[in-house]
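First the structure, then my questions, so here it is.
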Amino acid sequence: MVETTAREIDANGTRLYVETTGSGAPLVFVHGFSLDTRMWDDQWEPFAERFRVIRYDLRGFGRSAQPTDQYYRHADDLAGLLDALEIERAHVVGLSLGGAVTLDFALAHPGRAHSIVLVDAVLPGFSTPDLDEAIRAVWGPARTLPLDAVKELWLGSPLFAGAMADPVVAERVRRMVTEFSGYGWVARDPGRWVEPLASGRLGEIQAPALAIVGEGDLPGFHAIAERIAAEVPGARKAILPGCGHLPNMEAPHAFNAALAEFLGGEK
């Protein structure tokens with residue numbers, strides 16, 4: 001078992017919970033909406049053998065501070081976190097919401113991303129009917145239903161279909177969602193994307209990029225991965241079979257192999 005250091009860091013006007021382990025080139029993992037650092041448990045030890053691995057809770061999630069009424073950008077929180085850790089450049093891996101944060105970070109702080117890995121990523125400024133419907137089905141009733149009922153709707157979303165089909169993964173996901181504060185459902189989030197939005201700026205990204213998508217994820221996420229592969233200079237795409245929106249949890253061995261292969265060429 002690797003030794004993990006956990007602490008809270010002041011960054012960009014907020015308090016972020018962060019864990020670090022291992023040594024080597026910095027490798028940051030950014031979680032998805034309603035989840036937290038624990039979603040990366042299957043990547044924690046394997047990558048600590050070669051990297052200084054970092055995972056943190058986004059503002060409003062897990063053990064990090066809740067947003068105030070002040071505007072902020074997750075990309076700037078990440079930059080502030082790296083500053084506090086005295087890290088100039090890092091490989092960054094982000095899933096879903098975390099993928100959007102990773103894209104924004106690469107655009108707003110060019111040169112600080114050694115490489116980026118975009119896993120079933122949200123793309124600010126781009127959507128498809130299936131993605132709109134998946135979000136509307138939960139966000140629509142979120143302001144009127146009790147929070148526990150909203151969480152059950154969310155767990156029943158097609159985004160979690162693959163994860164919920166595996167009892168072990170389902171329990172891990174359910175635990176994180178159950179403990180989620182509900183911020184963004186019960187209160188308006190003042191967070192903002194980097195502007196102009198990333199969907200129109202993929203060609204500006206300078207970092208080497210890999211788009212990973214679970215074979216069973218919604219068509220909209222496949223469309224996003226295709227756009228990333230086509231528009232980010234030199235980007236590659238990997239489709240992981242037998243999994244959906246959370247491939248790092250649903251198919252960790254295949255995910256880790258794809259990530260290790262990519263990072264092996266980006267030393």
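Starting from residues that are assigned to a strand (DSSP E or B) and not charged (D, E, K, R), keep the ones in region 206-239 and report whichever is surrounded by the fewest Cβ atoms within 10 Å (Cβ to Cβ). Spell out the reasoning first.
Here is the first cut: in region 206-239, the residues assigned to a strand (DSSP E or B) are 209-214, 236-239.
Okay, now just the ones that are also not charged (D, E, K, R), so 209-214, 238-239.
Working: Ala209: 26, Leu210: 25, Ala211: 26, Ile212: 26, Val213: 27, Gly214: 27, Ala238: 20, Ile239: 15.
In this case the residue turns out to be Ile239.
Something else about it: For residues in region 47-74 being in a loop (DSSP other than H, G, I, E, B) and small (Gly, Ala, Ser), which is farthest from the chain's Cα centre (by Cα)? Steps first, please.
If we filter region 47-74 for residues that are in a loop (DSSP other than H, G, I, E, B), which is where we start, we get 49-50, 57-71, 73.
Right, trim to small (Gly, Ala, Ser) and you get 60, 62, 64-65.
Numbers: Gly60: 14, Gly62: 13, Ser64: 15, Ala65: 18 Å.
This residue is Ala65.
While we're looking at this one, here's another question. When both residues are 6+ apart or on different chains and their Cβ atoms are under 9 Å apart, which pairs have a first residue that lies in region 172-188 and is modelled with pLDDT under 90, and a second that is outside any loop (DSSP other than H, G, I, E, B)?
Partner pairs satisfying both residue conditions: Gly184/Trp139; Gly184/Ala142; Gly184/Gly191; Val186/Ala142; Val186/Arg143; Val186/Leu147; Val186/Val150.
Across region 1-20, what is the total count of residues that are among the β-branched types (Val, Ile, Thr) and surrounded by fewer than 16 Cβ atoms within 10 Å (Cβ to Cβ)?
First, the residues of region 1-20 that are among the β-branched types (Val, Ile, Thr): 2, 4-5, 9, 14, 18, 20.
Right, trim to surrounded by fewer than 16 Cβ atoms within 10 Å (Cβ to Cβ) and you get 2, 4-5.
Matching residues across region 1-20 total 3.
Report yes if Ser157 is polar (S, T, N, Q), more than 19 Å from Arg227 (Cβ to Cβ) and surrounded by fewer than 20 Cβ atoms within 10 Å (Cβ to Cβ), otherwise no.
yes
From the list Gly242, Gly203, pick out the single residue that is over 20 Å from Ile135 (Cβ atoms), in a loop (DSSP other than H, G, I, E, B), among the small types (Gly, Ala, Ser) and touching an Asp or Glu at 6+ places or on another chain (Cβ under 9 Å).
On the way: Gly203 fails: in a loop (DSSP other than H, G, I, E, B).
Step by step, each of Gly242, Gly203 is checked, and only Gly242 is over 20 Å from Ile135 (Cβ atoms), in a loop (DSSP other than H, G, I, E, B), among the small types (Gly, Ala, Ser) and touching an Asp or Glu at 6+ places or on another chain (Cβ under 9 Å).
Just to be sure I understand the filter: pairs with C-beta atoms under 9 Å, separated by 6 or more residues or on different chains, first member in region 8-30 and modelled with pLDDT of 95 or more and among the charged types (D, E, K, R), second member part of a loop (DSSP other than H, G, I, E, B) and surrounded by 14 or more Cβ atoms within 10 Å (Cβ to Cβ). Which pairs pass?
Glu8/Arg63; Glu8/Ser64; Glu8/Ala65; Arg15/Arg59; Arg15/Ser64; Arg15/Ala65; Glu19/Thr4
The values are calculated or read from the model by the stated rules, or taken from the named source; none is laboratory data. Here the structure is a predicted model, which is why all the values come from computation and not from measurement. Positions of Cβ are generated from backbone atoms using ideal geometry, with glycine treated the same way; all protein chains shown enter the neighbour counts.
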